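Please read the structure below before turning to the comments.
Bear in mind these aren't lab numbers, they're just calculated from the coordinates by the rules spelled out. Nothing here was measured: the structure is a model prediction, and the numbers come from that model. Ideal geometry is used to build each Cβ from the backbone, glycine not excepted, and the neighbour counts take in all protein chains shown.
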Amino acid sequence: MAQQDTLDLIGRYYAAFNAGDREGFLALLADDVIHDINQGGREIGRDAFRRFLERMDSAYAEQLKNIVIMADESGNRAAAEFIVHGKYLKTDEGLPEAKGQTYILPAGAFFEVRDGKVSRISNYYNLEDWLKQVAG
């Protein structure tokens, strides 16, 4: 896959996320996509990612802004940096109580691309920063 194709793919990935188009978002993922969760485990498969999104959508409302996408020349690897603008809607297990707190959080992601689909996504953000913001 060419570098520009990968940049376009990751751009569509984030556009679908911000539009709330979960089916369009999931269609960009390989069937056996690897998802490395920030400071958490690894999940494999589009169905696992769907369940993750459903849980996240019930607890958080997020928009990603100031997205910068980079890709290597081969188009096989990419990275993105962005700012998460969110609202904590429902208490997530093991985290502080949700009271509609808002947060603004720098974040990043790393991607592998195979056959025109995202085959790995690893998201990173500073959990301590998020905890401070929602703790008030």
Practice prompt. With an 8 Å cut-off on Cα pairs and a minimum separation of 6 or more residues, tell me the relative contact order of segment 82-136 in percent.
Written response: 32
Practice prompt. Select from Gln63, Gln101, Gln39 the residue whose mean-square fluctuation is largest in a Gaussian network model of the chain (Cα-Cα springs shorter than 10 Å).
Written response: Gln39
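When 1/r is averaged over all different Cα pairs and the result inverted, which Kirkwood radius in Å belongs to segment 81-122?
When all Cα pairs of segment 81-122 are included, the Kirkwood radius is 12.7 Å.
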Item to complete: Could you point to the residue in Tyr88, Leu26, Tyr13 farthest towards the positive end of segment 1-97's charge dipole, with +1 and -1 charges on the Cβ of Lys/Arg and Asp/Glu respectively?
Response: Tyr88
Practice prompt. With a cut-off of 11 Å, note down the residues of segment 1-45 whose backbone N falls inside the zone around a label point 7 Å from the Cα of Asn76 toward its beta carbon.
Written response: 1
Worksheet item: Once amide H atoms are placed 1.01 Å from N in the peptide plane, what residues at a sequence separation of 5 or more from Arg114, or on another chain, have their amide H within under 5 Å of its amide H?
Response: Ser119
Discussion item. How long are the semi-axes of the equivalent ellipsoid of the chain, defined as square roots of 5 times the Cα gyration tensor eigenvalues? Whole Å, largest first.
Written reply: 26, 16, 13
Practice prompt. For an R0 of 30 angstrom, estimate the FRET efficiency from the Cβ-Cβ distance between Arg50 and Lys99 and round to the nearest 0.05.
Written response: 0.60
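Charges only on Cβ, +1 for Lys and Arg, -1 for Asp and Glu: so what's the dipole of segment 27-136 about the Cα centre, in debye to the nearest 20?
Details: 14 positive and 18 negative charges, 53 e Å.
Value, rounded to 20: 260 debye.
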Worksheet, complete the sentence: Once phi for every residue in segment 66-80 is put through the Karplus expression 6.51 cos²θ - 1.76 cosθ + 1.60 (θ = phi - 60°), the whole-Hz ³J(HN,Hα) values, with Gly and Pro written as x, are 6, 6, 10, 10, 10, 9, 6, 4, 6, x, 8, 9, 8, 8, 9
Item to complete: Compare Leu105, Leu95, Leu29 in a GNM of the chain, Cα atoms joined below 10 Å, and give the one with the largest fluctuation.
Response: Leu95
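Once you wrap a convex hull around the alpha carbon atoms of segment 1-40, what is its projected area averaged over all directions, in nm²?
Value for segment 1-40: 3.6 nm².
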Item to complete: Would you be so kind as to identify all helices of the chain, as entire DSSP H runs, whose Cα atoms reach 18 Å or more along the helix's own axis and whose mean Kyte-Doolittle hydropathy is at least -1.0?
Response: 3-19
Fill in: Efficiency of FRET from Cβ geometry, Asn126 and Asp31, R₀ 30 Å, rounded to 0.05
0.40
